[in-house]
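Each remark here refers to the structure printed beneath this line.
The numbers here are math on the coordinates, done by the rules we state, and not lab data. Given the structure is predicted, the values throughout are model-derived calculations rather than measurements.
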Amino acid sequence: MTAAIPLVEIVRGGVREGVHHGSVVVTAPDGSVLRAVGDVDSATYPRSSNKPAQATGMLRAGLELPEQADLALAASSHSGESAHIARVRELLRRNGLSEGALRCPRDWPLNEAARDERAEQGFGRQRIAMNCSGKHSAMLATCVQRGWSLDDYLDPKHPLQVELHATVTELAAEPIAATSVDGCGAPLFAISLTGLARMFSHHVTAAPGLPRRRVADAMRAHPWLVSGSGRADSKLMSAVPGLLSKEGVEGVLALALPDGHGIAIKIEDGAARARLPVAVATLRTLGIDVGELEALAEEPLFGGGERVGAVRPIPGALD
């Protein structure tokens, strides 16, 4: 079996002090593999990179949303900024629910300023501030609209989760290798990186109006809602026209270009700092003008407040 390879180096003062291993796959619009480095065939958990497919499954199950922005929120890992929380609360309210119906864990906002603001206002950890509350509120809305039970909406045998399982299987074009529980409490489906890249490609190549295309269009139209201020997905989708992007914890990032090329990245040790440099380098290999993303091609390292090095792709690693 092919193993993850050295992709990113940590260089400080001209000396390499560490390496992040990883795997990358690029698929063509027809699903064939154009480029693969590392292990792109073994099962892995895409984590939140599964969210576009989960949102697609909700639409297929009958979810109706009044605004495109709500669909972007359904596929989000939001930062818990005030506009994110307000939209989650409104989505719940429109379906006759309160935040007490959410079954995701209580948490602080991911955004540091939002976290400080809520602490100053006397709030502690809350379910609605958890980064997956948009997905959970959409899951609950689907259940309300279909007349399904609410208390057990996270049970893998619940009709909602059965539909989401089927959707991921179809869009990845491979069987789900394993099911576990994500950090938010929802069922988590394992697929290969190749399946993940194909899944993203299927979102952007679908005909306008189809559920998976509606999800892609919503995310690309509202990148800030998908993530938040200064976050990777917002930066990527804002900088490259038509790009679809969704990161997942443990070093996962999935992308699709508007022409249908899919990209899936996994950093083996889960290091988030290595994802963007690899993503920018991969886009370059496809001839994409990365423009303002050029600044993200390296993650700076500091010493004593001064830049002394960088986290950067290893030259030739993606060849």
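The table that follows gives values for the structure above.
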| item | result |
| --- | --- |
| J(HN,Hα) series, region 166-179, from Karplus relation 6.51 cos²θ - 1.76 cosθ + 1.60, nearest Hz, glycine and proline x | 5, 5, 4, 4, 5, 6, 7, 6, 7, x, 6, 7, 6, 10 |
| Using distinct alpha-carbon pairs, which all enter the 1/r mean, Kirkwood radius of region 118-248 in Å | 16.5 Å |
| Matching label, Cα extents along the principal axes in Å computed from the structure shown, candidates (1) 65, 47, 32; (2) 59, 49, 33; (3) 86, 50, 34 | (2) |
| Nonlocal amide H pairs with G228, under 5 Å, H built at 1.01 Å | S234 |
| Phi-based couplings in Hz for region 299-316 (Karplus 6.51, -1.76, 1.60; Gly and Pro marked x) | 9, x, 10, 10, x, x, x, 10, 5, 10, x, 7, 9, 8, x, 6, x, x |
| Sequence-distant residues sharing a close amide H with L188 (under 5 Å, placed H) | S180, V181, D182 |
| Computed [θ] at 222 nm, helices only, for the chain once each DSSP H run of length n ≥ 4 contributes -39500 (n - 2.57) | -10500 deg cm²/dmol |
| Pair-distance profile P(r), taking every C-alpha pair of region 278-317, with 5 angstrom steps and integer % | 6, 22, 26, 21, 13, 8, 4, 1 |
